[in-house]
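The values are calculated or read from the model by the stated rules, or taken from the named source; none is laboratory data. Model, not experiment: these values are computed from the prediction. Positions of Cβ are backbone-derived with ideal geometry, glycine not excepted, and every protein chain shown enters the neighbour counts. Only protein heavy atoms, including side chains, enter the accessible area calculation; ligands, DNA and RNA are left aside. Shrake-Rupley method; radii C 1.70, N 1.55, O 1.52, S 1.80 Å.
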Amino acid sequence: VDPYQRTLFFTDRSLYRPGQTLRFKGICVSVDQQNDRYETIKNKSVTVIFEDANRQEISKLQVRTNNVGSFSGSFTAPRDRLMGRMALRDESDRRIRTYVNVEEYKRPKFKVELASPETAPRLGGEVEVPGTAKAYTGAAIGGAKVTYRVVREVRYPIWWSWRCWWNPPQAGAQEIANGSTMTDSDGGFTVPFTARPDPSVLEKDEPTFRFTVYADVTDTTGETRSDLRSVNIAYTALQASMSTDSWLVDDKEVKIRISTTSPDGAPRAAKGTVKIYHLKQPATVQRERLQPRYYRYTGAGRGDAPEPDLSKPNSWPLGEVAVEREFATDASGSDAESFKLAAGPYRALLETDDGYGKKVTAILPLEVYDPDADRAVIKRPNYVAAPNWSVQPGDTFTALWGTGYEQGRAFIEVEHRGR
């Protein structure tokens, strides 16, 4: 990159009313990346242009940088033209602009807040989401009209996309309820709806249904304020997940972090087991197809599962159990278990229940490396891993490259500043 000079602008805020004063500061800098030279420019004359939403000049101001390369000034937001996004720029550089918004806006007089249901909701049951409308002075907004709607979406566990990649979800967002009501003398109101699940989504896929409530409150003067609140409900009263570091090596224990929560994300204590399985690797290394496979989707639960794609480790079948451990999350819904594993591919399976007899599971793929080995033990055509993908200047970056083939060649390039 060739050396260049640039003017940077900073405004006192991002939104102005017509007629208000727009105050700004600027810095002129010189950049030479090749020689690591970055410095401000002293005593430089700059013409600052203030443009409207159509990039027409509103006003200009001649300034000069001080001994540290900075300057300041101000403009008046216009009243006589289209409102919208306006800009500051250096007259000598038409490419770089700093944008501000000039709008005619009113200060809100009241606010609307939706709260979580007072009782834990259940699928198929009635749900009531409470709300309040209050002025910023604290006074209740009574007798205001409330219009609401409820939209349902389907969320799947993180592992669903690779376990059922051939059978993509078809359910989109759907409005399931709407209506209107009035706020009471205390400014309160309630949004009722039935938490109906999507019948096209199978329970065995452990979906979570997100019901989002949108409420608009209009007071007697015609001012409207809004809020929204999401309520997550599942077939089970508990959800579990596992996570670990991306760099796992055989000479250190593999630490798996376990989290158990309600569908709405509130922590829940739980007990169960974690089993870590060896994976049955293919006899020979499998490469991904150059052309993607296409499968006819015949509806949830009615499409025939294709043969496993052995180029993807997540499709490899389970082998023997490498290690099994009981876990117990505390009141914060957290636990951590450590395992000693040899190099190779694994899959961790967590099993617990929601307290009502319904099974809850979680899945976590694992790959453990041996950086000192002469031969890779994971039958993938190519994989690259590193302890840390971000290092400080002067530090050493280390990466591990491996192939499941008998032999392979690595072509490595180090690029810096385009070279």
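Listed values, structure above:
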item: FRET E, pair ALA135, GLU203, Förster distance 45 Å, beta-carbon r, rounded to 0.05; result: 0.50
item: Additional length obtainable on full extension of the chain from LEU228 to ASP372, 0.36 nm per residue less Cα span; result: 46.5 nm
item: Under 19 Å from the ASP184 label point (7 Å along Cα→beta-carbon), backbone N, the stretch 108-144; result: 112-119, 127-135, 139-144
item: Sulfur and carbon atoms: percent of accessible area, the chain [1.4 Å]; result: 46
item: Net charge contributed by nearby residues that have their C-beta within less than 13 Å of PHE71 (K/R +1, D/E -1); result: +4
item: Within-10-Å neighbourhood charge of THR403 [Cβ basis; K, R +1; D, E -1]; result: +3
item: Calculated FRET value between LEU15 and ALA342, using beta carbons and R₀ = 35 Å, to 0.05; result: 0.05
item: Across LYS358/LYS379; LYS255/LYS280; LYS312/LYS358; LYS204/LYS275; LYS340/LYS379; LYS280/LYS358, pairs whose alpha-carbon gap is larger than 26 Å; result: LYS358/LYS379; LYS312/LYS358; LYS280/LYS358
item: Residues of type lysines that LYS25 reaches as a straight line, Cα spacing below 21 Å, ignoring anything fewer than 8 places off in the same chain; result: LYS42, LYS44, LYS60
item: Contour excess over end-to-end distance, with Cα ends at ALA115 and LYS255 and 0.36 nm allotted per residue; result: 46.7 nm
item: Rounded accessible area per residue of the chain, 1.4 Å, Å²; result: 61
item: In range of the label at ARG417: residues from the stretch 30-44 whose backbone nitrogen is under 12 Å from the point 7 Å along Cα→Cβ; result: 31-38
item: Neighbourhood charge, 12 Å Cβ-Cβ cut-off, centred on LEU248 and excluding it, Lys, Arg +1 and Asp, Glu -1; result: -3
item: Two-site FRET efficiency, LEU82 against ALA266, from Cβ-Cβ distance with R₀ of 51 Å, rounded to 0.05; result: 0.60
item: Pair ASN101, LEU318: separation of 7 Å Cα→Cβ label points (nm); result: 5.2
